[in-house]
Amino acid sequence: MKFFLDTANIAEIEEAASWGVLSGVTTNPTLYAREGGKLAGFHAHLKRICEIVDGPVSGETVGLARDEIVREAQELSAIAPNLVVKVPTMPEGLAATKVLASMGISVNMTLCFSVPQALLAARAGARYVSPFVGRFDDISEDGVDQLGQIVAALANYDFRHEVEVIAASIRSASHVTKAALLGADIATVPFAVLKNLVKHPLTDRGLESFLADWEKVKNA
Ligand code: G3P
């Protein structure tokens, strides 16, 4: 499984990249707004992220009509070779994805909450499909189960090799574990979750005792 960071925060991205485990970044309008982002600086911000990350960086379109999405996507895609265009799962989004795929522009189809949506995204030519786990849990559904169904359904068809599943809206280490066991290709996680992934109380306790014993060795 590859790890993407789900953030538009430059410091978080730099920190995660320095750990050597970062394979990509996903952003969305909410994440950019959270950084105090302004429309005028949007492309420059994405360009900076693309420079830091050695892997795909998703930047989202906000248009609602096919041609508008395609135009926005072309502009976003010109920012950097590793820029992937995030397009919402909706009829106009599918139509735009079909056009963009024919232009060789990679699409991450986002806001995916069902097997049919994921199959349609793959059929339209999306390079990535992003089932939202946590937000499905938020409405008292089972986001992990939905993710598993999507991975399994895509595996029934040839396009499984052409589309990667990004487990998105990840809220915990447990979500990541379950996504990996289900065979999701990628987990995109907030920085707080990434930090939790590397931590375990037994690791901390073990390290503490090793260091304490080493002090004894040094003083013997
Ligand atoms: O970036 C898409 C997705 O990961 C959003 O997650 O936490 O806002 O539901 P969240």
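Summarising the label geometry, the points placed 7 Å from Cα in the beta-carbon direction at Met90 and Ala173 lie 3.8 nm from one another. Less than 5 angstrom separates the built amide H of Val25 from those of Leu5, Val57, Ser58, all sequence-distant by 5 or more or on a different chain. Calculated FRET efficiency, Asp54 to Thr203, Cβ-Cβ distance, R0 = 22 Å: about 0.20 to the nearest 0.05. When the Cα gyration tensor is reduced to axis lengths a ≥ b ≥ c, the ratio a/c is 1.5 or higher for the stretch 1-113, and with a/b above b/c it is classed as prolate. Our summary of shape: the Cα atoms of the stretch 2-219 have principal axis extents of 72, 40, 31 Å, ordered from largest down, in whole angstrom. One equal scatterer on each Cα of the stretch 110-178, no solvent, Debye formula: the resulting log10 I(q)/I(0) at q = 0.12, 0.23, 0.26, 0.27 Å⁻¹ is -0.27, -0.92, -1.12, -1.19. A cut-off of 5 Å between modelled amide H atoms, ignoring neighbours fewer than 5 places along the same chain, links Met109 with Val87, Arg127, Tyr128, Val129, Ser130. Extending 7 Å from Cα along the Cβ direction at Asn196 and again at Ala101 yields two label points whose distance is 3.5 nm. Just the protein heavy atoms count here, and of the accessible area of the stretch 1-155 at 1.4 Å, carbon and sulfur take up 53 percent. Which lysines have a Cα lying under 20 Å from the Cα of Lys86, excluding residues fewer than 8 positions away in the same chain? Those lysines meeting the cut-off are Lys2, Lys38, Lys47, Lys98. Label separation (Glu35 vs Leu181): 3.5 nm, computed from points 7 Å beyond Cα along the C-beta direction.
Averaged per residue, what accessible area in Å² does the chain show with a 1.4 Å probe, protein chains only?
51
The values are calculated or read from the model by the stated rules, or taken from the named source; none is laboratory data. Not measured: the values here are computed from a predicted model. Positions of Cβ are generated from backbone atoms using ideal geometry, with glycine treated the same way; all protein chains shown enter the neighbour counts. Ligands, DNA and RNA are stripped out before the accessible areas are found, and what is left, the full protein with its side chains, is counted by its heavy atoms. Shrake-Rupley method; radii C 1.70, N 1.55, O 1.52, S 1.80 Å.
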